[in-house]
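The structure appears below as structure tokens.
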Amino acid sequence: MVDNQENRSWQSRLIQPGLPWNKEPIRPAEVNDGLLAAMVDRTNTLEDARYQKIVPNQYIIELSEENYARNYKPIEVDILKQWKDSLLERLMLANSRQGRKEYRLAGRLQLTIRVVDDLKDSQARILCQVASDDSSGHSPKGNITACLKWIDGERQWDLLSDIVSVGRDAQCSVHLDMPAVQERRLVSGVHANLRYETGGYHIYDGEPGGKSSLNGTFVNGKAVSPEGHRLQDGDIIILASIDPTKPRADTPGAAVLRFQSTC
């Protein structure tokens, strides 16, 4: 929880009930909806020279003291993680629907909660801003660049973003356009996604929002769980297996990649 912070550069959004007689404390799910709306609100975004929209990456959620103590403090760590995951999934979905990478974060995604004395229990305030973060160990935009390499070493994709999609579709950050992958269609359109979290990349199966790939994602021979897998240098990733108990790198149409923490 944050106690004090200057608000001069922050954009503000007040969340309150639509009906004036509703006095129920505002819940985490309602704040989540407000965060998603704030992230893609045009008034909160910047545009770079390539017409990409840079969305806020720093958020402060303000609550009344009583509501925070009762409904947020006991599970604050879990709530913050859920909000962060939801924002990342919303960003990936927005890019997928546009068919190109239209939105991106300026730096590491950060969320904090703080108590204020000018809000009712039924209200919350979201402050957000675009702020670059090039600190070593916090963002993949520093000097160390991770990458994915095609198993034969002929192709390489640098991981320069907090979120990376992998699959057959052209809008994926890692577009697998190899003829065998495209023709056999064992690999899904958006087969897996990587997210930069807690100082490293984690891989998740399927599209953002919960839709799994058709034939699974595997790291070092083991299926990636719904909680994801933190990638280590040299990990072998197999996208698609006919037999999920025995993923094979030589399956025609499967994609085999090596993760490298420095490239």
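The values are calculated or read from the model by the stated rules, or taken from the named source; none is laboratory data. The structure displayed is predicted, hence computed values, not measured ones. Because the Cβ atoms are built from the backbone with ideal geometry, glycine has one as well, and the counts that use them run over all protein chains shown. For accessibility, only protein heavy atoms count, side chains too; no ligands or nucleic acids. Shrake-Rupley method; radii C 1.70, N 1.55, O 1.52, S 1.80 Å.
Data overview
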item	result
Number of positions in the range 224-263 that are surrounded by fewer than 16 Cβ atoms within 10 Å (Cβ to Cβ), hydrophobic (A, V, I, L, M, F, W, C) and free of Cβ contacts under 8 Å to residues at least 60 places away in the same chain	1
Unique residue being assigned to a loop (DSSP other than H, G, I, E, B) and of a type in the set (Asp, Glu) when the list is GLU154, GLU183	GLU154
Residue in the range 30-40 that is assigned to a loop (DSSP other than H, G, I, E, B), modelled with pLDDT under 95 and either open to solvent by 20 Å² or more (accessible area, probe 1.4 Å) or not basic (Lys, Arg) (or both) present	no
Residue count for the range 188-207, restricted to those that are in contact (Cβ under 8 Å) with a residue 24 or more places away in the chain, of a type outside the set (S, T, N, Q), in contact with a strand residue (DSSP E or B) (Cβ under 6 Å, 6 or more places away or on another chain) and in a loop (DSSP other than H, G, I, E, B)	2
Boolean, LEU105 is surrounded by fewer than 20 Cβ atoms within 10 Å (Cβ to Cβ) and in contact with a strand residue (DSSP E or B) (Cβ under 7 Å, 6 or more places away or on another chain)	no
Filter pass, LEU119 being open to solvent by less than 40 Å² (accessible area, probe 1.4 Å), out of contact with any helix residue (DSSP H, G or I) (no Cβ under 6 Å at 6 or more places or on another chain) and either among the acidic types (Asp, Glu) or outside any strand (DSSP E or B) (or both)	yes
